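Take a look at the structure below.
The values are calculated or read from the model by the stated rules, or taken from the named source; none is laboratory data. These numbers come from a predicted model, not from an experiment. For neighbour counting, all protein chains shown are included, and Cβ atoms are generated from backbone atoms with ideal geometry for every residue, glycine included.
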Amino acid sequence: MGILYDDVVIIRESEKEGDPSVITVNCPDKTGLGCDLCRILLFFGLSIVRGDVSTDGKWCYIVFWVIGKSTTRWGLMKMRLVEACPSCSSTSGIFYYRAELQSPKPPDVFLLKFCCYDRKGLLHDVTSVLSELELNIKKVKVSTTPDGRVMDLFFITDTRGLLHTNKRREDTYAHLRGVTGDAMISCDIEMVGSDITACSQASSFLPSAITESMFCSEIPNGPPSESLTTSNISVGMDNSLSPAHTLVQIVCEDHKALLYDIMRTLKDYNIQISYGRFSIKQRRNCEIDLFIMQADGKKIIDPNKQNSLSSRLHMELERPLRVAVASRGPDTELLVANPVELSDKGRPLVFYDITLTLKKLDICIFSAEIDRHMIGGREWEVYRVLLDEGDGLSLPRSKIEKEVWKTLMGWE
């Protein structure tokens, strides 16, 4: 039995502004598929207001009700959603399920060297262009010289897999020239080894005071960090309602990437969702019901395993990202960290949100770095942004923390 290519993902755009569009996915199932799909929706800037998931372990049916924007690229997004579905083989346009025989090849890594004269908001504008072109930032090193020039080193991968071609590179140059104008001095793209973007082995690069305050499992007390958490979170488990599944019931406040954070956690635990329902009630309150099973097809009976999963879900919803503003010698540094999936993927558009917030706050960036660190047995993607204070920051550090947090959480 086959399924037509066009029926793998069906998108019904809303007819009235403000009403949700409906995305239906009908394809072979795999553990973590929901996480992969939510990540794509997050990358394209969609807000999920409702969701239904149903699977028999071999085939799944997923429906998302989403709020898009006037700039949403629905056609391109559909293509990415189809690509995320388990591989199929085709005959005359009809696709059949085929199990993966081997892991996909890691994408080629390219170095974008970009030099131009500095101005406020420049880094965000460049980041925005890379996002529109589906160029994913793996690492970045940005520095400002005393004469007002900026040297940007972006280690990137191409979702379209075409950056090795002259046409794709020239298109990238043109888009960057369009946003920088006469400020551009030079721009070059070259392929580099993937080992350059490997995770940093030593967390000593980060001061111990930062690792202790940002990455501890306990929620810190006192201002300003107490505002950088979500509250009223409830995670419950019940084995009495299904003979084969454990019911996970979550009640919490909505935030951007909420469903992604839940799905990412379950994917890392190798948990299969057989049936799930997600909906937003009044005042941003969310209710999620998930019927799950372990990789061996059994419900979660062990109290220790239940407590471990429940605690991790609670923590991920309470602090899905870490944000802090700290001293770096005489300077002020903004730090943002988010956990990396076991599949080596990080949350999309974090750097975009950081630079957007600083642009809105009229704060210039002196230097910026993105790197990965193993801290507390987990891999983290850490963003370090050295702020250009000039005559001194006009905003208190707590205000900067809060505004960056609000943007990352979708609470602008």
### Task
Identify the residue in segment 380-395 that is in contact with a strand residue (DSSP E or B) (Cβ under 9 Å, 6 or more places away or on another chain) and surrounded by fewer than 18 Cβ atoms within 10 Å (Cβ to Cβ) and, among all such residues, is modelled with the highest pLDDT.
Asp388
### Query
Does segment 129-151 hold any residues that are β-branched (Val, Ile, Thr) and under 20 Å from Arg372 (Cα atoms), and which are they?
Ile137, Val140, Val142
#### Entry: Residue satisfying condition, being at pLDDT 90 or above, among the hydrophobic types (A, V, I, L, M, F, W, C) and assigned to a strand (DSSP E or B), within set Leu130, Leu176, Leu112, Leu162
Leu112
### Task
Confirm whether Arg322 is among the charged types (D, E, K, R) and either buried (at least 17 other Cβ atoms within 10 Å of the Cβ) or closer than 21 Å to Thr55 by Cβ (or both).
yes
### Query
Considering Arg149, Arg169, which residue is closer than 17 Å to Tyr117 by Cβ and touching a strand residue (DSSP E or B) at 6+ places or on another chain (Cβ under 7 Å)?
Arg149
### Task
Identify the residue in segment 299-319 that is among the basic types (Lys, Arg) and in contact (Cβ under 8 Å) with a residue 40 or more places away in the chain and, among all such residues, is surrounded by the most Cβ atoms within 10 Å (Cβ to Cβ).
Arg319
